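Derivation of every value follows stated rules applied to the coordinates shown; laboratory data play no part. The model shown is predicted, which means the values in this text are computed figures rather than measured ones. Backbone-built Cβ (ideal geometry, glycine too); neighbour counts: all protein chains shown.
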Amino acid sequence: MADPIGATAGFGFMGGFAENHRSGAAEIAPDSPRVTITGFARLGGVGVERKLRRADKLRLKEARRRARLEKREERRAERRARGGPE
């Protein structure tokens, strides 16, 4: 299924009405369904965000895990260089 194309149209009175864009917005297929968010925000705000795809979430999770392991190895190497416990 294609990702939906989002659009916002509304009015924020003493608040905001916005759509947050991510860098992956260029990957949306032209035949994707269109979702329009309309409304009125009084003394508050409306924010619309596109959820990440499952594959993107897994890729980011794996990148965080690799960075965490690299940092751990750097700390261990520093401790070994000082002669301290691992």
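Quick check: pseudo-label points 7 Å beyond the Cα along Cα→Cβ at Val48 and Val35, how many nm apart are they?
In this crude label model, Val48 to Val35 measures out at 0.9 nm.
Residues with amide H under 5 Å of Ala41's amide H, sequence separation 5 or more or different chain, H placed in the peptide plane at 1.01 Å from N; which?
Phe11, Gly12, Phe13
Considering amide H positions built from the backbone, and no H for Pro or chain starts, which residues 5 or more places from Val35, or on another chain, come under 5 Å of its amide H?
Result for Val35 returns Ile5, Gly6, Ala7.
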